[in-house]
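Enquirer: For reference, the structure I am asking about is given below.
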Amino acid sequence: MAIRLSGLASGLDTESIISDLMKAERTKVDTQYQQKQLLEWKREDYREVNTKLLALRTATWDLKLESSFAGNTVRSADESILTATAAASAVDGKYSINVLNLASGVTAASSEALGSSSNTTSLAEQFGLSGSITFSLSSGEGSQSFTFDAEDNSLNEVIAQINASDLGIQASYDSGVDRLFLTTSDTGSDVSIDITSDQYGFLRDTLKLYSGDLAVAGSPVNLGSGEDAEIEFNGISGLTFSSNQFTLNGISFDLNTEGSTTITVSNDIDATVEKVQAFIEAYNSAVELISTKLGEERDRDYAPLTDEQKDEMSEDQIEAWEEKARSGLLKGDSFLSSIYSKLRSGATGAMAGLSADNAYTSISKLGISTSSNWKDNGKLYLDEDQLREALADDPDAVMELFTGNDDTDGLADQLYDLTSNSITLLTNKAGSSSSLADSSYMGKELERINDRIDEWEDRLEDLEERYWTQFTAMETALQKLNDTSSWLEQQLASLS
């Protein structure tokens with residue numbers, strides 16, 4: 001940077017003069033900054049609308065699902081005996097259940113303490129064994145042979161191999177009681193634990209899992225078999241299941257203990273009403289925001305503040321000013337107006353193509369109406385009693401209104417597609433705050449403004465440097481004139 005001389009010869013406040021000159025020039029770049037700020041605010045407004053539409057699409061998705069209307073609720077008179085849930089196919093009604101037996105698996109254990117050593121590094125150290133150890137186990141899942149070396153393998157390795165097998169048998173050792181336990185993962189009468197071979201008596205003599213003759217091929221030793229769950233259902237006996245969790249007539253049971261109780265299956269109207277209420281809340285939130293943006297007045301007396309203006313104002317003053325400056329940016333916006341109109345007509349219009357006998361051809365038939373107060377901007381209001389009456393009277397007809405049939409999309413289907421398309425259009429226009437790169441129309445326009453701002457900043461920097469160069473040259477020339485004048489005065493003084 002060149003040396004700057006500020007008023008040394010002229011006495012001028014050069015810095016103030018140049019600052020004032022630059023202020024006039026800076027108004028051109030300030031205009032670009034203001035355009036950028038307005039565009040950023042407008043983009044934020046569009047994205048705010050998009051967020052509301054995303055919430056509406058999520059709420060609409062729930063109403064696309066038949067399960068939202070065909071769900072059932074189950075109440076057990078005694079949940080200590082059993083609990084249950086019901087699918088849509090379950091028939092409403094009251095059912096009696098008598099749990100005669102719970103399903104069980106097999107648990108076998110050492111008949112007494114093993115008398116093992118505290119040194120468990122190997123079977124030889126723990127039990128005083130030597131040589132090779134071989135045995136075979138079977139269950140309802142299959143059979144498998146195991147071979148170990150007493151000097152090289154430990155009881156923990158025996159347990160690990162049994163657990164890693166496909167037998168469905170879990171082994172464990174409790175050092176507190178010094179016993180081995182075998183337990184099946186599954187339950188039911190098809191489950192068992194059998195020792196099909198115990199060549200060296202490891203399972204009988206060392207682990208004490210059985211007594212009597214050694215198990216050999218063709219003469220297995222059974223350590224136990226599982227049992228099926230057995231119930232009476234509405235007086236029907238002989239119903240057995242391999243697990244305590246099973247499904248019967250669309251009802252999923254979870255048995256806890258033996259005993260008698262009743263369950264009541266009924267249409268889950270509460271869940272459907274909650275989903276409809278969630279849809280209405282999301283819809284109202286979206287149309288309220290859009291209508292507010294469309295009707296908000298634009299105050300053109302308030303432009304975005306420059307940095308210099310902000311320096312002269314308090315935080316509260318800046319906030320109040322910017323609230324006015326960014327208001328009304330989407331007033332009468334044709335893009336949002338189109339979305340707003342489609343939402344209202346899509347939600348409240350009559351549905352064609354439904355079954356001829358369906359009395360619920362629009363949401364108004366369900367007690368969902370548009371507010372008559374123009375200030376509500378098309379909000380929906382729900383008569384919950386009327387909706388519950390419709391769901392109790394004909395849930396299939398209500399479901400068809402929202403989910404449609406084989407030939408016609410339902411109201412929820414159409415609204416979901418509408419909101420999805422609107423979200424896509426808004427994202428193409430204003431981008432998404434979650435995206436790392438903004439390739440939207442407004443994003444690209446902001447890039448162009450930033451490029452123009454950079455160009456203007458370079459111009460202003462060059463212009464300011466030129467002003468300083470000119471004033472410095474003037475100061476240098478004046479200094480030379482002053483020096484010459486002083487010399488002439490000295491010469492004239494010497495002549496006199």
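Enquirer: Would you check if residue 182 is over 41 Å from the mean Cα position of the chain (by Cα) and of a type in the set (A, V, I, L, M)?
Expert: On the way: over 41 Å from the mean Cα position of the chain (by Cα): yes; of a type in the set (A, V, I, L, M): yes.
It is true that residue 182 is over 41 Å from the mean Cα position of the chain (by Cα) and of a type in the set (A, V, I, L, M).
Enquirer: While we're here: Which pairs do you get when a residue that is touching a residue at least 12 places away in the same chain (Cβ under 8 Å), found in the range 325-338, comes within reach of a residue that is of a type in the set (Phe, Trp, Tyr), reach meaning Cβ atoms under 7 angstrom, with the pair 6+ apart or on two chains?
Expert: Pairs found: 325/302; 326/41; 329/41.
Enquirer: Name the single residue that is farthest from residue 237 (Cα to Cα) among those in the range 84-106 being modelled with pLDDT under 95 and β-branched (Val, Ile, Thr).
Expert: Selected residue: 85.
Enquirer: Answer yes or no as to whether residue 397 is over 28 Å from residue 265 (Cβ atoms) and of a type outside the set (S, T, N, Q). Steps first, please.
Expert: Details: over 28 Å from residue 265 (Cβ atoms): no; of a type outside the set (S, T, N, Q): yes.
Considered against the rule, which asks whether it is over 28 Å from residue 265 (Cβ atoms) and of a type outside the set (S, T, N, Q), residue 397 comes out as no.
Enquirer: Name the helices (runs of 4 or more DSSP H) wholly inside the range 281-362 in which the number of residues that are within 25 Å of residue 377 (Cα to Cα) and assigned by TED's automatic domain parsing to the domain that holds residue 43 is 3 or more. Break it down into steps so the answer makes sense when it comes.
Expert: Values: elements: 307-311, 315-325, 334-348.
In the range 281-362, 315-325, 334-348 are the helices (runs of 4 or more DSSP H) which contain 3 or more residues that are within 25 Å of residue 377 (Cα to Cα) and assigned by TED's automatic domain parsing to the domain that holds residue 43.
Enquirer: Here is a further query. Please work out which residue is surrounded by the fewest Cβ atoms within 10 Å (Cβ to Cβ), limiting yourself to the range 191-228 and to residues that are aliphatic (A, V, I, L, M) and touching a Gly at 6+ places or on another chain (Cβ under 8 Å).
Expert: Step one: filter the range 191-228 for residues aliphatic (A, V, I, L, M), giving 191, 193, 195, 203, 207, 209, 214-217, 221, 223.
Restricting the remaining residues to those that are touching a Gly at 6+ places or on another chain (Cβ under 8 Å) gives 191, 193, 214, 221.
Values: 191: 24, 193: 25, 214: 16, 221: 20.
Filtering first and then ranking leaves 214.
Enquirer: State which residue pairs qualify: first residue of a type in the set (A, V, I, L, M, F, W, C) and inside the range 464-480, second residue outside any helix (DSSP H, G or I) and modelled with pLDDT under 75 in any location, beta carbons under 7 Å apart, and separation of 6 or more residues or different chains.
Expert: Listed pairs, sorted by first residue: 468/4; 474/10; 478/9; 478/10.
Enquirer: Still on this structure, I have one more. Among 393, 413, 409, which is the only one that is surrounded by fewer than 16 Cβ atoms within 10 Å (Cβ to Cβ) and either assigned by TED's automatic domain parsing to the domain that holds residue 277 or of a type in the set (Gly, Ala, Ser) (or both)? Talk me through it step by step, then tell me what you get.
Expert: Details: 413 fails: surrounded by fewer than 16 Cβ atoms within 10 Å (Cβ to Cβ); 409 fails: surrounded by fewer than 16 Cβ atoms within 10 Å (Cβ to Cβ).
Exactly one of 393, 413, 409 is surrounded by fewer than 16 Cβ atoms within 10 Å (Cβ to Cβ) and either assigned by TED's automatic domain parsing to the domain that holds residue 277 or of a type in the set (Gly, Ala, Ser) (or both), namely 393.
Enquirer: For the structure I just gave you, tell me whether residue 422 is hydroxyl-bearing (Ser, Thr, Tyr) and in a loop (DSSP other than H, G, I, E, B).
Expert: Details: hydroxyl-bearing (Ser, Thr, Tyr): yes; in a loop (DSSP other than H, G, I, E, B): no.
For residue 422, the condition - hydroxyl-bearing (Ser, Thr, Tyr) and in a loop (DSSP other than H, G, I, E, B) - is not met.
Enquirer: To continue, here is another question. So, residue 453, is that one among the β-branched types (Val, Ile, Thr) and farther than 25 Å from residue 335 by Cα or not?
Expert: Values: among the β-branched types (Val, Ile, Thr): yes; farther than 25 Å from residue 335 by Cα: yes.
Answer is yes for this residue.
Enquirer: While we're looking at this one, here's another question. Is there a residue being in the same structural domain as residue 92 (by TED's automatic domain parsing), part of a loop (DSSP other than H, G, I, E, B) and either among the polar types (S, T, N, Q) or without any contact (Cβ under 8 Å) to a residue 40 or more places away in the chain (or both) anywhere in the range 254-268?
Expert: yes
Enquirer: Does residue 400 satisfy being over 15 Å from residue 40 (Cα atoms) and surrounded by fewer than 15 Cβ atoms within 10 Å (Cβ to Cβ)? Lay out the reasoning, then the answer.
Expert: Numbers: over 15 Å from residue 40 (Cα atoms): yes; surrounded by fewer than 15 Cβ atoms within 10 Å (Cβ to Cβ): no.
Answer is no for this residue.
Enquirer: Name the single residue that is surrounded by the fewest Cβ atoms within 10 Å (Cβ to Cβ) among those in the range 114-149 being within 13 Å of residue 200 (Cβ to Cβ) and among the hydrophobic types (A, V, I, L, M, F, W, C).
Expert: The residue in question is 146.
Enquirer: Let me ask another. So which residues in the range 199-227 are part of a helix (DSSP H, G or I) and in contact (Cβ under 8 Å) with a residue 40 or more places away in the chain? Write out each step before concluding.
Expert: Here is the first cut: in the range 199-227, the residues part of a helix (DSSP H, G or I) are 202-206.
202, 203, 206 - these are the residues of the range 199-227 that are part of a helix (DSSP H, G or I) and in contact (Cβ under 8 Å) with a residue 40 or more places away in the chain.
Enquirer: Shifting gears a bit: Determine if the range 192-199 includes at least one residue that is among the small types (Gly, Ala, Ser) and on the phi > 0 side of the Ramachandran plot. Reasoning before the result, please.
Expert: The first filter runs over the range 192-199 and keeps only residues among the small types (Gly, Ala, Ser), leaving 192, 197.
So of that shortlist, the ones also on the phi > 0 side of the Ramachandran plot come out as none.
No, the conditions are met nowhere in the range 192-199.
Enquirer: Can I ask one more? When you go through 299, 254 one by one, which is the residue that is of a type in the set (Asp, Glu), touching a helix residue (DSSP H, G or I) at 6+ places or on another chain (Cβ under 6 Å) and more than 24 Å from residue 391 (Cα to Cα)?
Expert: On the way: 254 fails: touching a helix residue (DSSP H, G or I) at 6+ places or on another chain (Cβ under 6 Å).
So the residue among 299, 254 that is of a type in the set (Asp, Glu), touching a helix residue (DSSP H, G or I) at 6+ places or on another chain (Cβ under 6 Å) and more than 24 Å from residue 391 (Cα to Cα) is 299.
Enquirer: Sort through 24, 55 and tell me the only one that's within 30 Å of residue 443 (Cα to Cα), of a type in the set (A, V, I, L, M), modelled with pLDDT under 90 and assigned to a helix (DSSP H, G or I).
Expert: Working: 55 fails: modelled with pLDDT under 90.
Result of the check over 24, 55: 24.
Enquirer: Here's something else I'd like to know. So which strands (runs of 3 or more DSSP E) stay within the range 93-198 end to end and still have 3 or more residues that are without any contact (Cβ under 8 Å) to a residue 40 or more places away in the chain?
Expert: Counting at least 3 such residues, we get 142-149, 169-174.
Enquirer: Another question, then. Give just the number: which of (1) out of contact with any strand residue (DSSP E or B) (no Cβ under 9 Å at 6 or more places or on another chain); (2) in the same structural domain as residue 251 (by TED's automatic domain parsing) does residue 117 not satisfy?
Expert: (2)
Enquirer: Could you list, in sequence order, the residues of the range 89-113 that are under 30 Å from residue 140 (Cα atoms) and either hydroxyl-bearing (Ser, Thr, Tyr) or surrounded by fewer than 19 Cβ atoms within 10 Å (Cβ to Cβ) (or both)?
Expert: In the first step, residues of the range 89-113 are kept if they are under 30 Å from residue 140 (Cα atoms); the result is 97-113.
Once the filter is applied, which keeps residues that are under 30 Å from residue 140 (Cα atoms) and either hydroxyl-bearing (Ser, Thr, Tyr) or surrounded by fewer than 19 Cβ atoms within 10 Å (Cβ to Cβ) (or both), the range 89-113 yields 98, 100, 101, 102, 104, 107, 109, 110, 111, 112, 113.
The values are calculated or read from the model by the stated rules, or taken from the named source; none is laboratory data. A quick note: this is a predicted structure, and the numbers were derived from the prediction, not measured. Cβ atoms come from the backbone with ideal geometry, glycine included; neighbour counts cover every protein chain shown.
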